[in-house]
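**Student:** Have a look at the structure that comes next, please.
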Amino acid sequence: MKKAERRHSVLVLGNSRDKAFEQTLSDICFSATFLKSMEGVLHKLRHVQTTAILVDRDQKKADELELVLNVRDMDENIPIILIGSTTDELTELILASQPATFIIPKPIGDPSLGSALRGLMQNAVS
């Protein structure tokens with residue numbers, strides 16, 4: 001009998017309407033809770049056990065640097081994975097220097113996103 005893979009509970013700042021992204025997360029054993037605001041992510045982080053926080057950088061509803069700094073005030077070890085790219089080089093440098101903060105410059109719909117996330121999570125939580 002095959003042993004079931006452990007599911008990782010993750011908070012996602014972004015939109016759950018992207019069914020391909022939602023399926024990618026499910027395929028790599030992420031149990032995702034989608035939230036539409038930074039405040040929602042911070043509230044959930046206080047009240048639920050989570051393995052990581054994913055941020056769709058195209059969501060444009062929250063300042064990702066502010067989110068990272070707020071999360072770091074609460075938990076400096078939880079992995080934060082920013083998915084997508086930005087044109088703000090200064091913010092990118094600051095984010096890259098934060099502990100347990102990772103940037104995957106692929107768009108949400110990239111077919112190789114699942115393997116990039118899986119590899120990153122294996123390294124981040126081991």
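**Student:** What ranking of His43, His8 emerges when the number of other C-beta atoms within 10 Å of each C-beta is taken as an exposure proxy, fewest first?
**Tutor:** His43, His8
**Student:** Also, quick follow-up: What are the aspartates and glutamates whose alpha-carbon lies under 20 Å from the alpha-carbon of Lys106, with same-chain residues fewer than 8 places away excluded?
**Tutor:** Result set, ordered by chain and number: Asp18, Glu22, Asp27, Asp56, Asp58, Asp63, Glu64, Asp88, Glu89, Glu92.
**Student:** Over the alpha carbons of the range 57-126, what is the largest minus smallest coordinate on each principal axis, giving the biggest first in Å?
**Tutor:** 31, 31, 20
**Student:** Still on this structure, please answer the following. About its Cα centre, how strong a charge dipole does the chain have in debye, to the nearest 20, once Lys and Arg get +1 and Asp and Glu get -1 at the Cβ?
**Tutor:** 700
**Student:** What does the C-alpha gyration tensor say about the overall shape of the range 8-120? Classify as rounded when a/c is under 1.5, otherwise prolate if a/b is larger than b/c, or oblate.
**Tutor:** rounded
Quick note: the coordinates plus some simple rules give every number you see, no bench work behind them. Being a predicted model, the structure only gives us computed values, none of them experimental. Cβ sites come from the backbone with ideal geometry, for glycine too, and all protein chains shown count toward neighbours.
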